[in-house]
Structure formats: structure tokens, C-alpha cells
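To start, the structure itself, in C-alpha cells.
The values are calculated or read from the model by the stated rules, or taken from the named source; none is laboratory data. All figures in this text were calculated on a predicted structure; none of them were measured in a lab. Note that each Cβ is placed from the backbone with ideal geometry, even for glycine, and that neighbours are counted across all protein chains shown.
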Amino acid sequence: MIENDYQTAVQACYSTWSGTYYDDYYGAKASYPPVHRDLLKRVLREAGAQTLLDAGCGPASFLRELTDSGMDLYGFDLTPQMVEEARRVMGAYGFPESHFWEGSVTRRESFRPAQNEGGLYDAAICVGVFPHIPAEMDSTAIGNLKSVVRPKGLVIVEARNELFGLFSLNRYSSALFEQRLIQVERLKANAPEESANIDAAISALRERFRMDLPPVRGGKAGEPGYDEVLSRFHNPFELRELLAQQGLGDIRLLFYHYHALPPQLAPWAPKLFLEESLRREDPQDWRGFFMASVFFVVGKVS
């Protein structure tokens, strides 16, 4: 995939979102409380981080939550409108514009040094970005994050949980079954004479899932929406292994955004669904591998 093609689409997707993104995901309008905010703050606090880089900071959605922490905060984002909003928001708290710039997690030159002795950060986080980069760039992005973090500092990456498809019973499940578990094209290659029968079997499989859910998210003003640009899932086991391959240690998986029931069943008891989902929020519960739609993978620089 040509870098400019997918990045241009992602920029277009987020270009109209800078003014509302915070409210949509952190404010009262959020469809699910921002439990990841408190989880991430706790991880950073326990690590004693004082200097933080947010790679893919958006409109400073998370950074604005740390303005009273005493931390030295920096961030960059692929979308110019997001950077402009981040500078506006953080400027009101006294942070200079130079702390926020345009950049891509796949480009080493985007990772500017911290304005301190040594130029390294205590932690680098990357939230909401990995779904939008091609699989072959995952290791590059992890290596870039690691390169600007001091020894014993943290690299924290967020990803959409591919294994959630084993629980969601919707089009995510179909994709997981067909592409990752059954591997339909491999099956056909091994038995080309059965191709028509394989197609019929997969068609029957899809009837077991709600292929119309979740609804495809379009754009706000003619631009491509979230589900119309590259927006991948990650296998927690595989992403953990990628951090290990980049030399990170003490790797932890932390799950969030639990679903007490498969999402399509929520309309039967919406209040109970939300309340019970929030009660399930335990980042280290094994059920998170299947019932949580998002996770952090946290690694320590040696």
C-alpha cells in the first residue's frame, strides 16, 4: 500500500473531526465512558513519568487531561486540523506551540526529541493510530516509539482487539473467521476443485452472524468515514510479540471497553448492558481477550 494513499484518506477522515472529537469520546456525549483515560493515567503515574510524547495526539484529547499533573507534554498528529486544535487547547494551559507538530508514526523524523537533557521521554503513547497503519509498518512504528524513550521508560500502544470477533457475532466475527481462522483463500488454493462448495459453506457461515452490524461509519461532510479508511484490528498475542521483537520487556496487555453481552443484544436491556459492562472493566481479566473491544500493550525500554 502506498503510504500517501492511506494517509491522505485518514487525514480526510479526521479533517472535520477536530472540534468534536474530544466531546465524542471523552465528554458527556460519549457512547461509553472514557475508562481508558483513567487506566492510562494510572499506568503513567505508577511509572513516575514526567515527560510524555503522545504520538497521534489528535486534538490533545488525552493530553488536556494531564495539564494539572506537572508533566511536560508533547504530541504530534497526522492531520493538520487536529494539530491546530491541540495547539489551541494546550496553549490555554500555557504549553508552547512548539510542543505540538504534524507527523506520522511511520516516519522516524516525526519523532522530535524532548526539550530536556538527553532529549528522551519517560513514556511515549500511541492511542487510536495503529488501526490506521498497514500491518507491514507496525514494527517500524513500535521501533520509532522506542527510539525516543529513556531506559526503563514506557512504550504504550493501543489497538482494536481482533479477538473480540469471537464474541461480537457480527461482521467483525465473519472477518475473523474467514480471514484469520479458516483462511478461505488458502483453503481454496489447497482444494481448487472444491471452490464452489467452499463459497457455499462461507455463505452459510455468514448467515450465523449479523452482517449489517455494526453500521458502517461514514464521514460528516462527504469525506470518508472511519470504516471507509484503513481501520484494522490487532491480535493481542501478535502485537505483544512485536513489542518483544523490538527489544521491549515487562510487556503487559491491558483490556478495556468491555461488553457484558454481544453488542447486538444491548437493545434488549440497554441500561443493564452499560452498567454491567462498566462493572466488568478489569484490564487484566482473561475475559478481556474476548469481551473487550480495545486493549493497550505496555512495554518497558531496557
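Per the conditions (1) touching a Leu at 6+ places or on another chain (Cβ under 8 Å); (2) under 17 Å from residue 170 (Cβ atoms), the sole criterion not satisfied by residue 302 is (2). Does residue 24 meet the test of being modelled with pLDDT of 95 or more and either in contact with a Lys or Arg (Cβ under 7 Å, 6 or more places away or on another chain) or of a type outside the set (Ser, Thr, Tyr) (or both)? So residue 24 fails the test. Scanning segment 106-158 for residues being assigned to a helix (DSSP H, G or I), surrounded by fewer than 22 Cβ atoms within 10 Å (Cβ to Cβ) and of a type in the set (Val, Ile, Thr) gives a total of 1. Of the numbered criteria (1) in the same structural domain as residue 259 (by TED's automatic domain parsing); (2) of a type in the set (Asp, Glu); (3) farther than 17 Å from residue 164 by Cα, the one residue 238 fails is (3). When you check residue 68 against the structure, is it surrounded by fewer than 19 Cβ atoms within 10 Å (Cβ to Cβ), assigned by TED's automatic domain parsing to the domain that holds residue 104, more than 16 Å from the chain's Cα centre (by Cα) and under 22 Å from residue 300 (Cβ atoms), yes or no? No; evaluated as a whole, the condition is false for this residue. Selection over segment 274-302 of residues that are out of contact with any Phe, Trp or Tyr (no Cβ under 6 Å at 6 or more places or on another chain), not in a helix (DSSP H, G or I) and not polar (S, T, N, Q) gives a count of 10.
Kindly check whether there is at least one residue in segment 68-86 that is under 30 Å from residue 214 (Cα atoms), polar (S, T, N, Q) and in contact with a Leu (Cβ under 6 Å, 6 or more places away or on another chain). No: zero hits. For segment 32-49, the count of residues that are in contact with an Asp or Glu (Cβ under 8 Å, 6 or more places away or on another chain) and either farther than 20 Å from residue 124 by Cα or of a type in the set (S, T, N, Q) (or both) is zero. If you filter segment 247-273 down to residues that are surrounded by fewer than 20 Cβ atoms within 10 Å (Cβ to Cβ) and assigned to a loop (DSSP other than H, G, I, E, B), you find that the one that is farthest from the chain's Cα centre (by Cα) is 269. Residue-level check: of (1) part of a loop (DSSP other than H, G, I, E, B); (2) free of Cβ contacts under 8 Å to residues at least 12 places away in the same chain, residue 194 misses just (1).
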